[in-house]
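The values are calculated or read from the model by the stated rules, or taken from the named source; none is laboratory data. The structure presented is a predicted model; accordingly, all values stated were derived computationally and were not measured. Positions of Cβ are backbone-derived with ideal geometry, glycine not excepted, and every protein chain shown enters the neighbour counts. Heads up: the accessible areas ignore ligands, DNA and RNA and are worked out on the full protein's heavy atoms, side chains in. Shrake-Rupley method; radii C 1.70, N 1.55, O 1.52, S 1.80 Å.
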Amino acid sequence: MELEGVRGLDRLVIERGLARGVLSPSAVAAAARRGGRLVDALVAAGAVAPAVMADLIAAVKADAEQTLVPASRPAAAAVDALGDYELLEKLGEGGMGAVWRARQRSLDRLVALKLIAGDQLEPEAVQRFVREARTAARLNHPHVVRVFDAGRAADGRVFMSLELVTAGDAKQLAAAAPGERLPEARALEVVRDACRGLVALSAAGLVHRDIKPANIFIAEDGRAKLADLGLARQARGDDRITTTGLVVGTPAFMAPEQADGGEVDVRADVYALGATLFALLCGRPPFEGATGVVVLCKVLNDPAPDPRTFVPGLTPRTVRLLQRALAKAPGARFQRADELLEALDEALAVVAQPGPARRASG
């Protein structure tokens, strides 16, 4: 379903209602055609009871307050400031370090501040971190998380200041939906937004190499943005830290050529977006296993499963898109990001049609 004209609180309310199953895509589409505020039109049309709509609005507002209000307890004294930045709340932690909600004092703006962990400050880690910043800072696109600043503080800590995206990521979005599966239209919308970011990334001559649901952030207005360019590198050139033969990335979302340690180009990112769409629709990635090695073996050797095994009602157009994006051979996939984007637009157009028309054109 197309929700590009719906923004802010209304969009979040509609998405939650669709995810809970208390709103239907057809009812939302009919209300949108009436004009006016969409949540009011849904109630006026009898598509949802006023009490249910009030509950949806209250739940969305509660989530927003929980996301936007800094933690009541202060940050630890050892990390409460870093140059121009005041650290407010730790948002997450990973292998490379932590991400904090921070305030940039000079501009009085909230940012996400990424710090390399103390035990990761080897020259190679710093090189990779700075490369990520320089890669992302070259892009200013509505579907790529912006980088504002990067450097090394007086105490030696390396940091990166990024756009603060407050509504979680696509993995969390799917986890909150029934069966941990997004409705077909919403999954296509998220991946289409990410593909728009990939078009910009590819135009800059870059390959992401780690696209997955957790690396697609969701903005407050519902737009999806590609994030975490830590594995991005030039499509051509010698800027990469890793060498051919070393596997980097996330096994469940790797293209076979990447899993095999070979050279990759945008077609590997096309595969990863296909695997991401599969995961958002089916509640699991195409390949699973007890260990990363098992998953890599399946990526290399097993055909991608039919998504209709998990979601029987998928439109044929979406199924064909997944089959092509997840082809083992790079030459059998979409060859450019804009080709995949066109196919996503077409799949969304089919899903938005009424049932009989959808079956006829799917």
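Gain on full extension, evaluated as 0.36 nm per residue between Lys90 and Thr166 minus their Cα-Cα distance, stands at 26.0 nm. The label-point distance for Ala98 and Ala44, in a model that sets each label 7 Å from Cα toward Cβ, rounds to 5.0 nm. Return the FRET efficiency for the residue pair Asn140, Gln323: r is the Cβ-Cβ distance, R0 is 35 Å, and the value is rounded to the nearest 0.05. So, using R0 = 35 Å, E works out to roughly 0.55. Residue-normalised convex hull volume from the C-alpha trace of the range 291-343: 97 Å³ per residue. In the full protein context, the range 245-331 carries 39 Å² of accessible surface per residue, based on a 1.4 Å probe and ignoring ligands, DNA and RNA. Overall, the accessible surface of the range 248-362 at a probe of 1.4 angstrom is composed of carbon and sulfur to the extent of 57 percent. Remark: the Thr309-Ala58 segment gains 86.8 nm on full extension, using 0.36 nm per residue and subtracting the alpha carbon distance.
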